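Asker: Have a look at the structure that comes next, please.
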Amino acid sequence: TGSSRPQRMLKAVQKNATKGDPQSVISAIDYYCRHKEWAMNVGDDKGLILDSVLTEVNPSTALELGTYCGYSTVRIARLLSPGSKLITVEFNPAFAEVAHQIIAYAGLQDKVTLVEGPSGDLIPKMKEQFGIKYFDFVFLDHWKDRYVPDTKLLEDCGLLKKGTVLLADNVICPGAPEYLKYVRNSPRYESRYYKSNLEYTKVEDGLEKSVFLG
Ligand SMILES: COCc1ccccc1-c1cc(O)c2[nH]cnc(=O)c2c1
Ligand SMILES: [Mg+2]
């Protein structure tokens, strides 16, 4: 049996990036996925928007739903202030295995807790298992049909506070129409769409930033 796409991505990082240098890991993945083999990382175009929102929020506690190979995990963790924490949730064990190695290669393992399992089961355990009071920032990048139920779950579990920023990937492609309706019509959110393109392509996609109003 051959290697998987995530395993080939990890090889590209080990070959082309510098251990302990997060930017070189990001660049190695972007080069590989743009020139060799496409993969569903948030990518460099949308990644710049992610970086700018993150720098603005400067979260003490951040949650990522959908780790995949850890590309956005590295993008987020590299910008966190000392003492801040990122919890990232991945359902697929093969993805999680590669992500662990890519996050460690970047030297960011002390800032990141990678949790394997379904987001719907893990969100209610965040407070007790990880000592989280609430999240300052949430990056939604997993299954689009989990965006609304998981957002409602975060609300119901008291994990959002006034000012918490939700940033959702792929709201155009593959698309999350129910999520856009939910956050744009709810009085509890102030939403804004950042137009960009699907990673490594010219197809339109974008990020939806929604501030929880409490
Ligand atoms: C498996 O589909 C891959 C694909 C194919 C065509 C267009 C978009 C996507 C895509 C892009 C992304 O950024 C994604 N992010 C998170 N979970 C996804 O399933 C996902 C899918
Ligand atoms: Mg995505």
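The values are calculated or read from the model by the stated rules, or taken from the named source; none is laboratory data. The model shown is predicted, which means the values in this text are computed figures rather than measured ones. Please note: Cβ atoms are built from the backbone with ideal geometry, for glycine as well, and neighbour counts cover all protein chains shown. Keep in mind that these areas ignore ligands, DNA and RNA; they rest on the heavy atoms of the full protein, side chains included. Shrake-Rupley method; radii C 1.70, N 1.55, O 1.52, S 1.80 Å.
Asker: Can you work out the Karplus-derived ³J(HN,Hα) for every residue in the stretch 134-151? Use 6.51 cos²θ - 1.76 cosθ + 1.60 with θ = phi - 60°, whole Hz, and x for glycine or proline.
Answerer: 7, 9, 8, 8, 10, 9, 9, 8, 10, 6, 4, 7, 9, 4, 5, x, 6, 5
Asker: How big is the shadow of the Cα convex hull of the stretch 1-100, averaged over all directions, in nm²?
Answerer: For the stretch 1-100, averaging the hull's shadow over all directions gives 6.5 nm².
Asker: Something else about it: Give, as a single signed number, the net charge of other residues whose beta carbon lies under 15 Å from the beta carbon of residue 77, with Lys and Arg counted +1 and Asp and Glu -1.
Answerer: -3
Asker: In square angstrom, what is the accessible area per residue of the chain with a 1.4 angstrom probe?
Answerer: The answer is 45 Å² per residue.
Asker: What is the spread of the Cα atoms of the chain along each of their three principal axes, largest first, in whole Å?
Answerer: Largest to smallest, the principal-axis extents are 48, 38, 34 Å.
Asker: Then there's this: Under 8 Å for C-alpha pairs, at least 6 residues apart: give me the relative contact order for the chain, rounded to a whole percent.
Answerer: This gives 20 percent for the chain.
Asker: In the structure displayed, which of 11/125; 15/144; 111/161; 162/195; 19/195; 19/161 lie more than 27 Å apart, Cα to Cα?
Answerer: 11/125; 15/144; 19/195; 19/161
Asker: What is the percent of Cα-Cα separations in the stretch 151-214 that go past 14 Å?
Answerer: The share of Cα pairs beyond 14 Å in the stretch 151-214 comes to 56 percent.
Asker: With N residues in the stretch 96-214, what two-decimal value do you get for its Cα radius of gyration over 2.2 N^0.38 Å?
Answerer: Expressed relative to 2.2 N^0.38 Å, the Cα Rg reads 1.12.
Asker: What is the Cα coordinate range of the stretch 29-70 on the first, second and third principal axes, sorted by size from largest, in whole angstrom?
Answerer: 36, 18, 10
Asker: How much of the accessible area of the stretch 155-206, in percent, comes from carbon and sulfur atoms when a 1.4 Å probe is used?
Answerer: 52
Asker: Output ³J(HN,Hα) for the stretch 156-161: one whole-Hz value per residue in order, computed from phi by the Karplus curve 6.51 cos²θ - 1.76 cosθ + 1.60 with θ = phi - 60°, and x for Gly and Pro.
Answerer: Coupling constants for the stretch 156-161: 5, 8, x, 9, 10, 10 Hz.
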